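What follows is one structure encoded as structure tokens, with my remarks underneath.
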Amino acid sequence: MIKSKLPEVSTTIFTIMSKLAAENNAINLAQGFPDFDADPKLINQLNYYASNHFNQYAPMFGVEKLRELLAEKYNTLYSCNYDFQDEINITSGASQAIFNVISTLIHPNDEVIIFEPAYDLYQPTVELFGGKIVPIELKYPDYKIDFNELNQKITSKTKLIIVNNPNNPTGRVLTEDDLKSFEKIITNNDCYLLADEVYEHITFDNKKHKSFTQLTTIKDKVFVVGSFGKLFHITGWKIGYILAEKELMIEFRKCHQFNTFSTHTPSQHAIADYLENPENYLYLNDFFQHKRDLFINNLSSTKFNILPCEGTYFLNANYSAISNLSDNEFATLLTKEYKVATIPVSAFYKNKIDNHVIRFCFAKKDETLLKAIEYLNKL
Ligand code: PMP
Ligand code: GLN
């Protein structure tokens, strides 16, 4: 028997619910991925590079043109200055970037602060390296950060604070004041910050994304992660990236080179070509706002209590007016009997806090969303 390094961990909720959706022929609004294709122009570029001998190892740092374009994009959008050679690295999805930051920083007994509900990757990865999770609850239903509590929970053992903005699953987006509070806290404490910004271009109602790359005074303590899966509707390509100040990047690369070494070559070239035109991502706010509004407007005919959604492609709803079941039981029932799969939000808490909330993914064709509403109206 293997002595498990993660004895309390089982299969991720995304895998469980996607499998249940497939077994029950249900509409999958659970796992976060689009059910529509990426732009054929991007696919053509991938075909081009794969057919034209771009099939051997990419550089360990990532394809140069892609890093140059990222440096330019971040400079234009956030007035920050990341050197494409020393401060940007392409990774195998944002997941690998996050895993690698944690492997770079965390020694046994280091404390890592996360905000719950939290994306499911953070906690087990920290524990894998002997770190201790210190969760701070984002209180239902506002899911706002309590900065007093954050200040109280920082100790001499705190090595890292992980922030996800825009937030999966809450759909909340941080304000400029929130970022200023983080800036002050990181300045005054001897710890690092990992900003998971994979939904950077999916914010609504003219709320502009505030990136941690804008906080130039704490650049030497911040890692910022992004994902082309979210940017270009290609979650299956698993290409992401990380921005970090030179000294941080030196240590990050020491681990990265033995973790995966480099990332899929033809995808990086195709993405680089596609990234040249900012219109290929600046339309995303409007594109997903239309889907959010279509889904919310139609969902209001049901008994769900819809929670605010300022960003990401996830919408939460409380079902207390429909059922007393636990969120796991309710999500299972919804999948099996009503043919709509969702994610029970208790899965994003260490202590499985259940506020009777489920998460819908609305990165779907309009017709898929309308079909799901038709089914949900039977509740
Ligand atoms: N962070 C968050 C908050 C996510 O929702 C996801 C989901 N895809 C990831 C990281 C991982 O991104 P990738 O698929 O690029 O590994
Ligand atoms: N990020 C996606 C979500 O939140 C899932 C990614 C995965 O399946 N690991 O649904």
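Averaging Cα coordinates gives a centre for region 241-300 and one for region 46-117; these two points are 9 Å apart. Rounded to the nearest 500, the 222 nm mean residue ellipticity of the chain from helices alone is -12000 deg cm²/dmol, with -39,500 (n - 2.57) taken per DSSP H run of at least 4 residues. In a fully extended conformation the segment linking Asn206 and Asn25 would gain 61.5 nm over its present Cα-Cα distance, using 0.36 nm per residue. Ligands, DNA and RNA aside, Ser267 has an accessible area near 0 Å² when probed at 1.4 Å. Computed over protein heavy atoms with a 1.4 angstrom probe, the accessible surface ordering of Phe115, Phe99, largest first, is Phe99, Phe115.
Going by accessible surface with a 1.4 Å probe and the largest first, Ile114, Ile322 read Ile322, Ile114. Heavy-atom accessible surface of the chain, averaged per residue, reaches 44 Å², computed with a 1.4 Å probe. Hey, what did the chain get for relative contact order, percent, Cα under 8 Å, at least 6 apart? Relative CO of the chain lands at 25 percent. Between Asn355 and Thr11, the contour length at 0.36 nm per residue exceeds the alpha carbon distance by 121.6 nm. Here is the list for region 106-150: trypsin sites (Lys or Arg not before Pro) lying in DSSP coil, each with at most 15 other C-beta atoms within 10 angstrom of its C-beta, are Lys139, Lys144. With a cut-off of 9 Å between beta carbons, the residues surrounding Glu127 carry a summed charge of +1, where Lys and Arg count +1 and Asp and Glu -1.
Loop-only trypsin sites (Lys or Arg not before Pro) in region 319-379, please: DSSP not H, G, I, E or B, and at most 11 other Cβ atoms within 10 Å.
The qualifying sites are Lys378.
With 32 Å as the limit on Cα-Cα distance, the pairs of Lys153/Lys365; Lys139/Lys230; Lys210/Lys336; Lys184/Lys207 that go past it are Lys153/Lys365; Lys210/Lys336. Treating r as the C-beta distance of Lys139 and Lys336 and R0 as 35 Å, the FRET efficiency rounds to 0.65. Look at the Cα gyration tensor of region 44-90: its axes a ≥ b ≥ c give a/c of at least 1.5 with a/b at or below b/c, and that counts as oblate. Within the assembled protein chains, the solvent-accessible surface assigned to Glu116 is about 10 Å², based on a 1.4 Å probe. Within region 243-327, the chymotrypsin sites (Phe, Trp or Tyr not before Pro) that combine a DSSP coil assignment with at most 13 other C-beta atoms in a 10 angstrom radius are Phe261, Tyr283.
The values are calculated or read from the model by the stated rules, or taken from the named source; none is laboratory data. What you are looking at is a predicted structure, and each value in this text was computed from that prediction instead of being measured. Don't worry about glycine lacking a Cβ; one is built from the backbone with ideal geometry, like all the others, and counts go over all protein chains shown. Just so you know, the surface numbers come from the protein's heavy atoms only, side chains and all, with ligands and any DNA or RNA stripped out. Shrake-Rupley method; radii C 1.70, N 1.55, O 1.52, S 1.80 Å.
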